[in-house]
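The values are calculated or read from the model by the stated rules, or taken from the named source; none is laboratory data. Quick caveat: nothing in here was measured; it's all calculated off a predicted structure. Quick reminder, even Gly has a Cβ in these numbers, built from the backbone with ideal geometry, and neighbours come from all protein chains shown.
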Amino acid sequence: MDATGFRRLWDQIAATGRADSGGYLRFSWSAADLALREWFDAQAAERGLRVESDRNGNRYAHWDAGTGPGVLTGSHFDSVPHGGAYDGPLGIVSAFLAVDELRASGFAPQRPIVIGAFTEEEGGRFGVPCLGSRLMAGVVDPDRARALTDPDGTTLAEAMRAAGADPDALGPDPERLASFAAFVELHVEQGRALEAPVGVASAIWPHGRWRMTFTGAGDHAGTTRIPDRRDPMLTFAFAVLAARKEARLAGGLATVGRVEAVPNATNAIASQVTAWLDSRAPDEAVLAEILSGFTAKVKDRAGRDGTGFTIAPESETPIVEFDPGLRDRIAALLGGAPVLPTGAGHDAGVLAAHVPTAMLFVRNPTGVSHAPGEGASDEDCAAGVDALAAVLRDLAC
Ligand code: GLV
Ligand code: MN
Ligand code: MN
Ligand code: MN
């Protein structure tokens with residue numbers, strides 16, 4: 001397809017949820033998310049595709065054709081706070097355009113083609129990434145999911161009800177999983193590793209998120225002598241540096257990108273600091289090494305600071321190796337497209353345990369992601385649509 005054809009559809013959602021930062025606030029079940037779901041329904045209706053939500057709030061547009069399980073494609077609408085435009089929506093917009101391309105060529109699928117939009121992929125509102133697909137796969141307890149809160153204290157159950165969805169229905173959905181013969185998620189590349197317009201994923205690094213709680217004694221900033229302090233901010237500061245050091249030494253990554261202090265006052269020693277650790281590594285042994293080294297060092301430091309430290313997992317995802325047969329078939333179909341691993345998490349990584357799954361990456365010239373500077377040229381996005389159409393044609397014939 002041509003770049004202007006891509007841009008025409010892309011521009012329809014460009015303003016939805018965009019903040020003054022130039023990044024996006026597209027949190028699941030927010031007004032922006034509901035507007036994107038409406039847009040999804042309208043796109044489906046324009047193409048005569050049947051729309052359906054599953055019990056976990058994931059939405060599908062079905063091109064009902066042929067027989068047997070369908071070929072699923074798509075991605076997610078939700079963003080991290082002030083995230084880029086492409087992470088997620090590119091896979092959904094490209095899916096509609098790929099369907100258009102297949103139809104224009106007169107292609108008659110021998111099995112259904114399904115466009116999916118997954119819910120809360122980023123965990124940007126309720127903390128657990130890939131929540132919609134994890135619930136479907138039965139790896140998150142629905143009671144735990146319903147009780148998850150956003151930064152304002154709203155539970156997932158409340159947010160779903162306010163949006164007209166039913167949180168009581170949340171839970172494993174083996175029938176839905178069995179209705180897919182394959183899943184192909186197209187996604188913007190999130191680093192600088194892809195030099196061709198389109199690549200194919202080999203694997204997703206193991207990764208996880210941990211909630212850290214540092215406790216101490218809140219007190220006056222002007223009257224509490226240094227030896228009398230039990231300042232959790234100090235232990236937290238040590239932890240940030242320790243995370244970086246342990247990851248660097250082991251050969252992985254560690255990030256502390258979110259922190260909350262109580263009472264969060266300039267002239268008070270904090271009584272508690274809550275922060276989140278994100279860590280990823282090329283293999284599970286390295287990830288485990290980072291975690292154990294980090295935990296031991298911070299515990300030791302907390303002992304010396306007179307503070308408390310606890311760390312608890314919020315989500316943990318083992319290494320994902322995408323279906324090698326599908327990966328090689330797609331790379332060959334695309335004329336020897338580069339095959340590369342990623343450190344970013346995806347619903348494709350969750351579904352891969354249940355459905356033969358592959359990912360296509362579209363080049364990102366800035367290499368920036370989860371920030372407003374994320375980018376992809378219209379030409380590369382159009383090449384991504386062509387690649388996706390070719391893959392869908394191959395899998396649905
Ligand atoms: C989600 O995109 C993640 O990799 O954190
Ligand atoms: Mn994504
Ligand atoms: Mn993301
Ligand atoms: Mn992701």
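Side notes on the structure shown:
- Selection status of ASP33, acidic (Asp, Glu), buried (at least 21 other Cβ atoms within 10 Å of the Cβ), touching a residue at least 40 places away in the same chain (Cβ under 8 Å) and touching a helix residue (DSSP H, G or I) at 6+ places or on another chain (Cβ under 9 Å): no
- Odd one out for ALA275 among (1) assigned to a loop (DSSP other than H, G, I, E, B); (2) surrounded by 15 or more Cβ atoms within 10 Å (Cβ to Cβ); (3) among the small types (Gly, Ala, Ser): (1)
- Screening ARG111 on (1) more than 20 Å from the chain's Cα centre (by Cα); (2) part of a loop (DSSP other than H, G, I, E, B); (3) crowded, with 24+ Cβ neighbours inside 10 Å shows it passes everything except condition (3).
- GLY48 part of a loop (DSSP other than H, G, I, E, B), over 25 Å from VAL362 (Cα atoms), in the same structural domain as LEU156 (by TED's automatic domain parsing) and among the small types (Gly, Ala, Ser): yes
- Residue within region 126-148 that is away from ligand 2 (no atom under 12 Å from the Cβ), touching a strand residue (DSSP E or B) at 6+ places or on another chain (Cβ under 8 Å), without any contact (Cβ under 8 Å) to a residue 24 or more places away in the chain and not in a loop (DSSP other than H, G, I, E, B) present: yes
- Leading residue by the ranking (surrounded by the most Cβ atoms within 10 Å (Cβ to Cβ)) among those in region 67-85 that are among the β-branched types (Val, Ile, Thr) and within 17 Å of the chain's Cα centre (by Cα): THR73
- Number of positions in region 356-397 that are within 18 Å of the chain's Cα centre (by Cα), within 24 Å of ILE319 (Cβ to Cβ) and in a loop (DSSP other than H, G, I, E, B): 4
- Leading residue by the ranking (surrounded by the fewest Cβ atoms within 10 Å (Cβ to Cβ)) among those in region 323-337 that are touching a residue at least 24 places away in the same chain (Cβ under 8 Å) and assigned to a helix (DSSP H, G or I): GLY325
- Residue within region 221-230 that is modelled with pLDDT of 95 or more, surrounded by 22 or more Cβ atoms within 10 Å (Cβ to Cβ), over 30 Å from ARG327 (Cα atoms) and out of contact with any Asp or Glu (no Cβ under 7 Å at 6 or more places or on another chain) present: no
- Taking the listed residues ALA147, ALA137, the one that is within 19 Å of PHE183 (Cβ to Cβ) and of a type outside the set (D, E, K, R) is ALA137, with no other qualifying.
- Near pairs, Cβ below 8 angstrom, 6+ apart or cross-chain, from region 170-196 (within 16 Å of ALA353 (Cβ to Cβ)) to any residue that is at pLDDT 95 or above and of a type in the set (Asp, Glu): ASP173/ASP54; ARG176/ASP54; GLU185/ASP347
- Unique residue being assigned by TED's automatic domain parsing to the domain that holds ASN364, touching a helix residue (DSSP H, G or I) at 6+ places or on another chain (Cβ under 7 Å) and more than 30 Å from GLY257 (Cα to Cα) when the list is VAL99, VAL71, VAL93: VAL71
- Checking each residue in region 349-374 for being within 17 Å of VAL93 (Cβ to Cβ) and in contact with a Phe, Trp or Tyr (Cβ under 7 Å, 6 or more places away or on another chain) picks out MET359, GLU374.
- Flag if ASP33 is farther than 21 Å from PRO112 by Cβ, modelled with pLDDT of 95 or more, part of a loop (DSSP other than H, G, I, E, B) and among the acidic types (Asp, Glu): no
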